[in-house]
Every structure is written in C-alpha cells, then in structure tokens.
Amino acid sequence: MNLASSLSDAAASHAARPALVGETGTVSYAEIDRRAGLAASALRGRGVGPGDRVALLLPNGPAFVAAFQGALRLGAIVVPLNTLLAPPEIESRLKASSALVLVADEAELEGGGEPVAGTVERDDGDPAVILFTSGTSGRPKGAILTHGGLRAAAQGAAGALALGPEDVVLGAAPFSHVLGLATGLCSTLLSGAAIAIVRRFEPEAALALMTETGTTILLGVPTMCISLCQAARAAGELPPIRIAHVGGAPVPVEVARDFERVFGGEVFEGYGLTELSGIATTYVQGQPRKPGSVGTPLGGTELRIRSLEGEAVAAGEVGEVEFRGPSVIGGYWEDPEATAAAISADGWLATGDLGYVDEDGYLFLVDRKKELIIRGGYSVYPREVEEALYAHPDVLEAVVVGAPHETLGEEVVALVVLRPGASPGADEIQAWTKERVAAYKYPRRVIFVDELPKGPTGKILKRSIDRRALL
C-alpha cells in the first residue's frame with residue numbers, strides 16, 4: 001500500500017484535528033491533505049509520474065509535508081535534502097538521484113489545478129524515499145527507504161512511544177533526516193497526533209513553543225536535552241513532556257537523570273539509523289529501563305551480535321551490531337557494491353556499530369567500529385570515557401577521540417565544553433577521569449573548547465575534528 005494513504009485515511013477519520021502546530025500556525029489534517037492533493041497536481045503538471053525522483057529542499061513545515069505526501073501520491077520517489085547543504089552538495093545529490101524536479105519554494109507547489117485525491121498503487125518493496133547518509137563512513141550514499149519499510153518503522157516507533165491523538169511531538173529534527181521523517185512525521189500522522197514545527201532549534205525559543213503547544217514527546221539528541229535543561233532554569237512554566245526519545249549519539253547517564261529531574265518525563269535512549277528506516281531499538285512504556293542500554297528491537301526486527309571475524313558471540317561479549325527485519329532498506333541507489341557490503345544475501349544489515357546484548361536481550365552500544373581507539377594495543381571505547389567526563393559537575397559537553405601517536409598508534413584526547421562560570425584546570429578533569437576508568441583509557445590531553453562541531457540534528461560530529469592537530 002502506498003505510504004501516502006496514511007494521510008488520506010487520517011483526514012477522512014479526523015479532519016478537524018490539528019496536524020501541524022507551532023511556528024507555521026495550526027494546520028488541520030483536512031487542510032494538509034488538501035495541500036498534498038494540490039502539490040500532487042502541480043508535480044503531475046511538471047511531468048512527474050511513478051518512479052520519478054522529486055527532490056525537496058524545504059524546511060520543516062506545511063510545504064514540506066504537502067510536497068512529500070503529494071509526490072508519494074503520484075508513485076514518485078522523494079529525495080529530501082537538508083537546507084543547510086552547500087550548492088556543490090546539493091548538485092551532487094541531484095545528479096546521483098537523477099531527480100526530475102527540485103522543489104525549493106512553496107510557490108512551486110501551486111497552480112496545478114484540481115487536487116489529486118487518489119494514490120498510485122505501490123508495493124511494500126517499492127522505493128518511497130532516497131535519503132543520503134551523512135558520510136561518516138565515506139562519501140554519502142543514497143539509502144532506499146521503501147513504502148513498507150517506512151511504514152513498519154513508523155508503526156513500531158508509534159507503538160513504543162504510545163502515540164495518540166492527544167500527543168504533540170516536537171518536530172525539531174529536520175524532515176530531511178530519518179529521525180524527523182520516519183518518527184517525527186510518519187509516526188505522528190499514523191497516530192493522529194500533532195507535530196510542533198520548529199524551523200531551527202534554539203533552546204529558549206523551542207522551550208517556549210513546547211510549553212505553548214503542550215508538547216508531550218521530544219525527539220532529539222543528547223545536546224538538546226542539555227540545552228533545554230539550561231533554558232528551563234529561567235522558564236516560569238514547562239511543557240508536559242512524558243517521554244524524551246533521545247538518540248543519534250550515546251546519552252550520558254547524568255544527562256538523562258538531569259532531564260528527568262527537570263521535566264518529570266522519562267528519557268528513552270534509543271538507537272536508529274537511516275538503513276533501518278528510523279528507530280531500531282528503544283523502550284516501550286512500562287518496560288524496565290537499564291541505564292546505558294538503548295532498549296530492545298522494535299516490531300519484527302531481529303538483532304544479533306557478530307565478532308569482527310563474523311562469528312556468533314555469547315551474551316555480554318562485544319561485537320558488531322546487525323539487524324534483519326521489515327524496515328531494513330532496499331539497498332543503496334544505483335550502488336550494488338555498497339549494498340552487498342552492508343546487507344547480506346539473507347537480509348542481515350551490518351551497522352558498523354559495536355555493542356553487546358545482555359541476558360535479557362537489551363542492547364548496549366559501545367561505539368562505532370571506526371571510533372574505536374587502539375592505544376598501545378589496548379582497545380579504548382570513547383563512550384566509556386565520555387560517561388566519566390559527563391559525571392564531572394563542571395562539564396557541559398565532552399567528546400573523546402583518538403589522535404595519531406608515533407609509538408602508541410593512537411592517544412586518547414578529550415575535548416570539553418565547560419558549564420558557564422566553571423573554571424577547572426585540565427589536570428583536574430584528567431584526574432577525575434583517571435579515577436573512573438582503567439589507566440590506559442583516561443585522556444592524556446584535555447582541551448577546553450567553546451563549542452563542539454554539530455550536525456543539523458545537534459549530533460556532535462567527531463569526523464569534523466582534526467585529530468592530527470590535537471597532540
């Protein structure tokens with residue numbers, strides 16, 4: 001079934017219910033359904049049909065939702081592009097996807113005539129979206145998200161978060177990102193809930209909007225939790241958050257505890273990736289939580305851990321995390337070699353992440369294979385050291401990386417952002433960490449910085465750090 005039918009069904013059953021609220025005003029399900037029909041008409045007038053690629057260069061808001069749903073109605077494949085991309089990056093993605101149309105302005109969705117009401121039939125395995133990966137493992141690749149895969153991921157997330165008509169989900173994650181698209185947009189529309197639109201995440205403004213709209217679900221990254229807790233200290237009223245689903249990067253235990261203390265809701269640390277069409281593991285309301293774990297697989301998703309040699313490992317042993325299930329992507333667009341390297345013949349997706357599963361089936365992430373630091377022959381997992389740093393009362397943000405070293409191969413280096421007014425010395429931070437991790441793991445150098453490089457979702461970008469300049 002065409003994924004676009006979810007909006008038509010929602011508009012038919014609860015037309016007057018708000019679908020979008022916040023910075024762009026309130027838009028009902030009936031209205032966004034009408035706009036999607038008009039967008040489909042305009043795109044069809046430009047020659048768009050089944051299988052054609054339609055690129056969207058639009059911020060979060062009604063225009064994006066209308067264009068996304070309108071293109072899907074025609075059986076087209078949507079290529080969402082982040083509005084922060086540089087012109088050469090946009091050009092390369094348009095070329096790689098052979099996009100027929102680029103929608104970069106709301107006016108391009110007008111003048112098509114009567115709204116398109118029906119949807120072109122699509123099978124579950126048909127491509128719905130091409131999302132280009134962030135390039136952490138090399139050049140960006142076009143992941144093919146199918147109609148069935150996106151629906152499965154959205155339904156799984158909606159069930160885990162117990163989304164319903166009374167919920168308001170913060171739409172701060174870009175709709176051009178898998179979290180914002182699959183969980184923020186698709187899960188919300190499937191549930192009859194509303195999306196609070198935030199064009200750009202600024203902590204104080206976002207907190208005010210969350211309070212005004214009665215936001216109940218936060219989808220974000222750890223840095224959002226940190227900045228919202230800071231903004232809350234000066235706020236007179238706080239939103240009724242019941243769940244903060246946080247992923248994209250490891251959530252330090254102290255960050256989760258602070259957020260729950262300030263806002264009262266639960267923090268669900270989850271794990272997702274583009275190649276799983278959204279969230280892969282998380283918690284379900286009422287499920288016991290384990291600090292440091294990203295929960296258990298959603299829906300029909302299978303999880304296994306394999307050694308770096310490809311062998312099965314016992315519970316508690318670290319290896320590469322692999323998944324199989326309905327939300328695994330159909331491959332990479334026109335890249336059979338990358339597809340074969342990531343997805344086995346029997347459907348197992350190799351994530352490139354290291355972790356272990358405990359005796360209860362909970363997944364604990366250790367780090368990315370490429371982030372593992374080998375210091376003098378010893379393996380150092382940055383997340384473990386970062387947890388120790390975040391426990392220091394003066395540390396606001398921290399990241400640990402390996403810097404090239406002549407004799408050891410790599411040395412452990414920490415980049416730290418301090419809380420306002422704090423002024424500990426590097427020796428103090430180093431000594432604090434040394435007390436909490438093995439002698440070969442603590443950072444031999446601590447560098448204080450004003451800010452850390454971040455992507456559009458607020459995720460800290462380790463790949464942007466010049467490690468050669470750290471020692």
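The values are calculated or read from the model by the stated rules, or taken from the named source; none is laboratory data. This structure is a prediction, so every number in the text was calculated from the model and none was measured. Glycine gets a Cβ as well: all are built from the backbone with ideal geometry, and neighbour counts include every protein chain shown.
Miscellaneous remarks
Each row is one residue, and each column tells you yes or no for (1) at pLDDT 95 or above; (2) under 23 Å from ARG199 (Cα atoms); (3) in the same structural domain as VAL294 (by TED's automatic domain parsing); (4) surrounded by 18 or more Cβ atoms within 10 Å (Cβ to Cβ).
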| site | (1), (2), (3), (4) |
| --- | --- |
| ALA99 | yes, no, yes, yes |
| GLY118 | no, no, yes, no |
| LEU131 | yes, yes, yes, yes |
| ILE144 | yes, no, yes, yes |
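- Scanning the range 261-302 for residues that are surrounded by fewer than 17 Cβ atoms within 10 Å (Cβ to Cβ), outside any loop (DSSP other than H, G, I, E, B) and touching a strand residue (DSSP E or B) at 6+ places or on another chain (Cβ under 9 Å) turns up GLU266, GLU302.
Here's the yes/no breakdown for (1) outside the structural domain of ALA280 (by TED's automatic domain parsing); (2) outside any strand (DSSP E or B); (3) among the hydrophobic types (A, V, I, L, M, F, W, C):
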residue: VAL385; (1), (2), (3): yes, yes, yes
residue: VAL399; (1), (2), (3): yes, no, yes
residue: VAL413; (1), (2), (3): yes, no, yes
residue: VAL417; (1), (2), (3): yes, no, yes
residue: ALA431; (1), (2), (3): yes, yes, yes
residue: ALA438; (1), (2), (3): yes, yes, yes
residue: ASP450; (1), (2), (3): yes, yes, no
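- Check on ASN60, touching a residue at least 40 places away in the same chain (Cβ under 8 Å), touching a Gly at 6+ places or on another chain (Cβ under 6 Å) and not in a helix (DSSP H, G or I): yes
- Failed item, numbered, when ASP427 is tested on (1) assigned by TED's automatic domain parsing to the domain that holds GLY316; (2) surrounded by fewer than 16 Cβ atoms within 10 Å (Cβ to Cβ): (1)
- Residue among GLY112, GLY149, GLY180, GLY184 that alone is in a loop (DSSP other than H, G, I, E, B), in the same structural domain as ALA55 (by TED's automatic domain parsing) and not hydroxyl-bearing (Ser, Thr, Tyr): GLY112
- If you filter the range 239-254 down to residues that are modelled with pLDDT of 90 or more and surrounded by 16 or more Cβ atoms within 10 Å (Cβ to Cβ), you find that the one that is nearest to THR183 (Cα to Cα) is HIS245.
- Residues of the range 391-409 that turn out to be in contact with a Leu (Cβ under 9 Å, 6 or more places away or on another chain) and in contact (Cβ under 8 Å) with a residue 24 or more places away in the chain, as a count: 11
- For the range 22-36, the set of residues classified as among the small types (Gly, Ala, Ser), part of a helix (DSSP H, G or I) and surrounded by fewer than 23 Cβ atoms within 10 Å (Cβ to Cβ) consists of ALA30 only.
- Single unsatisfied condition, GLY45 versus (1) surrounded by fewer than 18 Cβ atoms within 10 Å (Cβ to Cβ); (2) of a type outside the set (A, V, I, L, M); (3) under 16 Å from GLY184 (Cβ atoms): (3)
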